[in-house]
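See below for the structure under consideration.
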Amino acid sequence: MVEKEEEFKVWTPFGTLHLPEVKDLIPEFPPKIPKMDDRRADAMRHAMAIDLSSIVGWVPVVGDVISDIVEDLHFSELRKILTKPELDEYIKQDKVAPSTVAMIRTFIKVP
């Protein structure tokens, strides 16, 4: 039987949010270096592009729309690149960290 990971639940007026457990948010010391290959490097580039797209969001009127489109396009590419366990972990980590940091955490946790 697969044990479900502990989650930190936060109640909001719109429903309950499930965040990674607090101990998962504190980095290990010394930090592990994730193993990288071409597939993972490509995923990192898309994660960085998602983070950088937020800069476009600062442009008045159209910036937010363009930023959302760019973010959605790069996330759809991540869905094609990442394995199912990596994608699940990335989505969990992306709730509490920028995309680039979430991707690094994902590669450290999912061998």
* Under the condition of being part of a helix (DSSP H, G or I) and among the β-branched types (Val, Ile, Thr), which residue from the range 53-65 is nearest to Asp94 (Cα to Cα)? -> Ile55
* **Breaking point among (1) in contact with a Phe, Trp or Tyr (Cβ under 8 Å, 6 or more places away or on another chain); (2) β-branched (Val, Ile, Thr); (3) at positive phi, for Thr106** => (3)
* **Set Lys92, Lys32, Lys80: member being among the charged types (D, E, K, R) and in a loop (DSSP other than H, G, I, E, B)** => Lys32
* Structure fact -> By residue number, the members of the range 64-80 that are within 17 Å of Val110 (Cα to Cα) and crowded, with 16+ Cβ neighbours inside 10 Å are Leu78
* To do: With the checklist (1) within 13 Å of the chain's Cα centre (by Cα); (2) outside any strand (DSSP E or B); (3) modelled with pLDDT under 95 in hand, flag the one item Asp68 doesn't pass.
  => (1)
* Asked: Going through the range 1-40 one residue at a time, which ones are among the charged types (D, E, K, R), in contact with a helix residue (DSSP H, G or I) (Cβ under 9 Å, 6 or more places away or on another chain) and modelled with pLDDT under 80?
  -> Glu5, Glu6, Glu7, Asp24, Glu28, Lys32
* Asked: Would you call Ile50 part of a helix (DSSP H, G or I) and either touching a strand residue (DSSP E or B) at 6+ places or on another chain (Cβ under 9 Å) or without any contact (Cβ under 8 Å) to a residue 12 or more places away in the chain (or both)?
  -> no
* Name the residues in the range 71-98 that are modelled with pLDDT of 95 or more, of a type in the set (A, V, I, L, M, F, W, C) and under 12 Å from the mean Cα position of the chain (by Cα), would you? -> Phe75, Leu78, Leu82, Leu87
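The values are calculated or read from the model by the stated rules, or taken from the named source; none is laboratory data. Given the structure is predicted, the values throughout are model-derived calculations rather than measurements. Positions of Cβ are backbone-derived with ideal geometry, glycine not excepted, and every protein chain shown enters the neighbour counts.
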